[in-house]
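The values are calculated or read from the model by the stated rules, or taken from the named source; none is laboratory data. What you see is a predicted model, and the numbers here were worked out from it, not measured in a lab. Counting neighbours? That spans all protein chains shown, and the Cβs are built from the backbone with ideal geometry, glycine included. The accessibility values were calculated without ligands, DNA or RNA, using every heavy atom of the protein model including side chains. Shrake-Rupley method; radii C 1.70, N 1.55, O 1.52, S 1.80 Å.
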Amino acid sequence: MTEAHADEEDLTRDWRDGESDGRIDFAVATDRLEPGATTGRRESGSERVLMVVDGAARAYVNGEQTELSSGSSVLIPALVPHEIENVGESTLRLITAVSDERAA
């Protein structure tokens, strides 16, 4: 299940270590995709939250399609097939937070 618009909900709520209030250890990665480019279908062993910094994207997560624009986010569960496609006319810029800091 994808969840867009992180301002409505804390997409990292399950990443807390339980030992300290508010502490979350995670890695952050950045990426760019040219118009028409795709990440290709893949799976990851770690849950991640992907946020569009600039551009327009289509996220395919476990068979569900979600349209994303600047400022919107999508939750990608671990071990779920997913793909991100640049559907805009400019370079798509992404930030991804990964629940396992070693997995970025």
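Got a sec? Which of 94, 75, 68 is modelled with pLDDT under 95 and either assigned to a strand (DSSP E or B) or of a type outside the set (A, V, I, L, M) (or both)?
Matching residue, one of 94, 75, 68: 75.
Take the residues in segment 44-63 that are at pLDDT below 95 and of a type in the set (D, E, K, R); name whichever of them is surrounded by the most Cβ atoms within 10 Å (Cβ to Cβ). Going through the qualifying residues, I end up with 48.
Taking first residues from segment 67-81 that are closer than 15 Å to residue 93 by Cβ and partners that are in a loop (DSSP other than H, G, I, E, B) and open to solvent by 50 Å² or more (accessible area, probe 1.4 Å), the Cβ contacts under 7 Å between residues at least 6 apart in sequence or on separate chains come to 72/5; 73/5. The residues of segment 81-101 that are open to solvent by 20 Å² or more (accessible area, probe 1.4 Å) and within 13 Å of residue 41 (Cβ to Cβ), listed by number, are 81, 83, 85. Scanning segment 27-67 for residues that are among the acidic types (Asp, Glu), under 13 Å from residue 86 (Cα atoms) and under 14 Å from the mean Cα position of the chain (by Cα) turns up 31, 54, 67.
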